[in-house]
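Readers should treat all values here as calculations from the given coordinates under stated rules, not as data from a laboratory. All values derive from a computational prediction rather than experimental measurement. Glycine also receives a Cβ, built like all others from the backbone with ideal geometry; neighbour counts cover every protein chain displayed.
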Amino acid sequence: MRVVKPQITHLLALFEAMSDAGHDHRLTDLALALDCPKSSVQRLLDHLAREGWVEQDDATGQYRLTLRLAVLGQRYMQSAGIVDATHGILERVARESGELVRLTVVDGERLVWIGSAQGAPAGLLYQPSSGGRIVSFATANGKAWLATLDDEAACAIALADGLGKKTGNVGPRAISTIEALRRDLAAVRRNGYGTAIEEAEAGVAAIAVAIRDPATGRAMGTTSVAGPIVRMPAERRGGLATLLDAAARELARVWPLARTSPIPPKRQARR
């Protein structure tokens, strides 16, 4: 069977464009996101619908992913052992911080959410979607990870993520220049943790640290604490960073995906 690379590329891009489960997707919007003719995207959607990966709303004509892809991903995460290995650590940090604790994994040149634990009391929850894209330059997790790379690699990833462009995917205080990114990354390397104060979302503050492979020092993922800005004042951040740093070291010891190496060592920043 002859594999046509552009079709595979468009198929994977289509999955990513449809990964936001908060709403259904119009054919026109998907064609714009993929920069493809509507007829080509329509053929992909029709094929995926026949195979059970996509479904179309009869009333609106819009498309959504079925749960088949999510089940496949969950099956992989369970078999890799990462859920069982990390869950207890996240739960403990959530209890001690009283806030939302989240976990990411480095997947090529991006971060992906893979786990969370809620420590806030009922009625005071900050509970964002776990399917949203992690904007590297506007999130604490993103900056904690970028700071483990050299500036050239970090800036390239941030620019690809939309740094300097007008986008609705960031908060009101998100940085917008390479100079600001370099300053933030220098601060992360100096302090040992990244922060995002209303950069990812209005009214929300977050602190994150990188999870490093003990043998190579490369970042395998990140972990963070996030909550309403009124509960995350500056004087509290140092204690939360210490809590996260201890958790990150423990996570690194039990990390079942440490054998993978998504970022070449030469791109790592000095610790």
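Annotation: peptides 95-101, 58-64, 45-51, 28-34, ranked by per-residue average of other Cβ atoms within 10 Å with the highest first, follow the order 95-101, 28-34, 45-51, 58-64. Using the Cβ-Cβ distance between Arg43 and Ala156 with R0 set to 41 Å, the FRET efficiency works out to roughly 0.80. Computed from phi, the 3J(HN,Hα) profile of the range 146-154 under the Karplus parametrisation 6.51, -1.76, 1.60 (θ = phi - 60°) reads 4, 5, 7, 9, 6, 4, 4, 5, 5 Hz, with x in place of Gly and Pro.
Each part reduced to its alpha carbon centroid, the range 130-190 and the range 200-218 end up 12 Å apart.
Kindly state, to the nearest 0.05, the FRET efficiency for Lys165 paired with Ala187, given R0 = 22 Å and r defined as their beta-carbon distance. Before the final figure, lay out the partial values.
Numbers: r = 23 Å, r/R0 = 1.05.
The formula returns an efficiency of 0.40 here.
If each residue's Cβ is checked for other Cβ atoms within 10 Å, how do Asp107, Asp35 rank with the fewest at the top?
Final ranking by Cβ density, sparse to dense: Asp35, Asp107.
Counting neighbouring Cβ atoms within 10 Å and putting the fewest first, the residues Lys143, Lys166 line up as Lys166, Lys143.
Scalar couplings 3J(HN,Hα) for the range 89-106, obtained by applying the Karplus form with A = 6.51, B = -1.76, C = 1.60 to θ = phi - 60°, are 5, 4, 4, 5, 5, 5, 5, 6, 8, x, 9, 6, 10, 10, 10, 10, 10, 6 Hz; x denotes Gly and Pro.
Stretching Ala234 away from Leu12 to a fully extended chain increases their span by 75.8 nm, per 0.36 nm per residue minus the current alpha-carbon distance. Near Gly119, the amide H atoms lying under 5 Å from its own belong to Glu99, Leu100, Val101; only residues 5 or more places off or on other chains count, and H is placed 1.01 Å from N.
Translational D (Stokes-Einstein, µm²/s) of the range 5-66 at 10 °C and 1.306 mPa s when Rh comes from the Kirkwood sum over C-alpha pairs?
Working: Rh = 11.5 Å.
Approximately 139 µm²/s, per Stokes-Einstein.
Placing a pseudo-label 7 Å from each Cα along the Cα-to-Cβ vector at Glu51 and Thr66 gives an inter-label distance of 1.2 nm. Computed from backbone phi with θ = phi - 60° and the Karplus coefficients 6.51, -1.76 and 1.60, the 3J(HN,Hα) list for the range 34-44 is 8, 6, 10, x, 4, 5, 5, 5, 4, 5, 4 Hz; x is used for glycine and proline.
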